[in-house]
Amino acid sequence: MAETEASPAEMTGEAAPAKINLALAVTGKRADGYHLLETLVVFARHGDRIEVAESSEDSLVIDGPHADALKDGDLSDNLVTRARDRLRSHLRQSGKSAPPVALRLEKNLPVASGIGGGSADAAATLRLLIRFWNAAVSEQDLRVLALSLGADVPMCLESAPLMARGIGEDIEPVEDMACLPMVLANPGVAVSTPSVFKALVSPDNPPLPPLPATRGIAGMAGWMKTARNDLAEPALSLSPQIGTCLAAIRSSGALVHAMSGSGATCFGIYESMETARQAARQIGREWPRWFVAATETR
Ligand code: C5P
């Protein structure tokens, strides 16, 4: 796959945290077919990782537990490669250098699973290469570059709690949110985001309820019970396994549970990391082929 491979000691890296939509309202549809959203997003300590090293030519190596899902595809189409190429063109337009790099993607997150794996990888690649190439890119240019790679890439640049509107690019940080003990579970079905949006019956839904003033674990779990993910119903109609996943999380002692993004990854929020770890073990025993991870939000 890659012709040059740097040793880990020579590599410098960046985390690509999983993105979790605690709630998501679809509030309209644009003329170009993209949907208007309002979504509360948090990021997990669990995620992919991107590493870079100097090289005489560009390369990308993918490893980690979910690498196989990407290996058969065209690597030039990978969001890591696309992020590298877009950033390089942007820098070269203003006469800056962006020499070849050996990239490594450690794919810990399931592919096409509603927790932003590809978007987080693209955002982490941008952050990492800006550092590695010692490049200066304005916030505005970075946002434009990120959005050109996907609607969720700008939010993944933040990797901290936020409310996103528009098609996902209009971002407002959410302060004082507790780190939420969480279990992520995916029943092993890849879900296509465009198909889920296509299966949505109405794009005109009410906005999310206002956030609570106190954003501790109990406060956020209480708020989530009043909120919703408008993509859950269409995703469930395409992949009924999502229902099994939600039921497994519900019966594992979660304070609240929901599906993230366009699915199929679902999550629960727990009172403590200890109860989250116990729940992950229970779900993993019951469903040994699923992706299950106990994690905490950042
Ligand atoms: O921007 P990204 O490539 O991640 O989006 C994938 C697909 O998801 C889009 O082509 C579109 O069909 C759908 N989408 C949407 N509204 C959004 C984000 C994505 O309809 N806000």
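Odds and ends about this structure:
- Distance between the pseudo-spin-label points of E172 and R131 (7 Å out from Cα toward the beta carbon): 3.0 nm.
- In order through the stretch 153-165: 3J(HN,Hα) via Karplus (6.51 cos²θ - 1.76 cosθ + 1.60), integer Hz, x for Gly, Pro: 5, x, 5, 5, 5, 7, 6, 9, x, 7, 10, 10, 10
- Anchor K198: lysines whose Cα lies under 16 Å away (excluding residues fewer than 8 positions away in-chain): K29
- Within the assembled protein chains, the solvent-accessible surface assigned to R250 is about 140 Å², based on a 1.4 Å probe.
- Backbone HN-Hα couplings from phi across the stretch 70-86 [Karplus 6.51/-1.76/1.60, Hz, Gly and Pro as x]: 9, 5, 7, x, 7, 5, 6, 9, 5, 5, 5, 5, 5, 5, 4, 5, 5
- Accessible area per residue for the stretch 157-298 is 46 Å², calculated with a 1.4 Å probe on protein heavy atoms, without ligands, DNA or RNA.
- Fraction of antiparallel bridges per DSSP, the stretch 31-178 only, in percent to nearest 5: 70 percent
- Pairwise FRET efficiency - E158 versus A218, Cβ, R0 = 22 Å, nearest 0.05: 0.30
- Here the 3J(HN,Hα) profile of the stretch 210-222, calculated from phi with Karplus coefficients 6.51, -1.76 and 1.60 at θ = phi - 60°, is x, 5, x, 5, 9, 10, x, 4, 5, x, 6, 5, x Hz, Gly and Pro shown as x.
- Kirkwood's formula applied to the C-alpha pairs of the chain gives a hydrodynamic radius of 19.6 angstrom.
- Partners for K19 among aspartates and glutamates (Cα-Cα distance below 14 Å; same-chain residues under 8 apart left out): D48, D121, D152, E158, E296
- Relative contact order (%) - the chain, alpha-carbon pairs under 8 angstrom, separation at least six: 23 percent
- Solvent-accessible area, 1.4 Å probe, carbon plus sulfur percent, for the stretch 42-163: 46 percent
- Nearest 10 degrees, 0 to 90: helix 241-250 Cα axis against the chain principal axis: 70 degrees
- Counting only residues at least eight positions apart within a chain, or on another chain, the aspartates and glutamates with an alpha carbon under 14 Å from that of K71 are D63, E106.
The values are calculated or read from the model by the stated rules, or taken from the named source; none is laboratory data. Values in this document were obtained by computation on a predicted structure and should not be read as measured data. In this analysis, Cβ positions are derived from the backbone assuming ideal geometry, glycine residues included, and neighbour counts consider all displayed protein chains. Side chains are part of the model used for accessible areas, which takes the heavy atoms of the whole protein and leaves out ligands, DNA and RNA. Shrake-Rupley method; radii C 1.70, N 1.55, O 1.52, S 1.80 Å.
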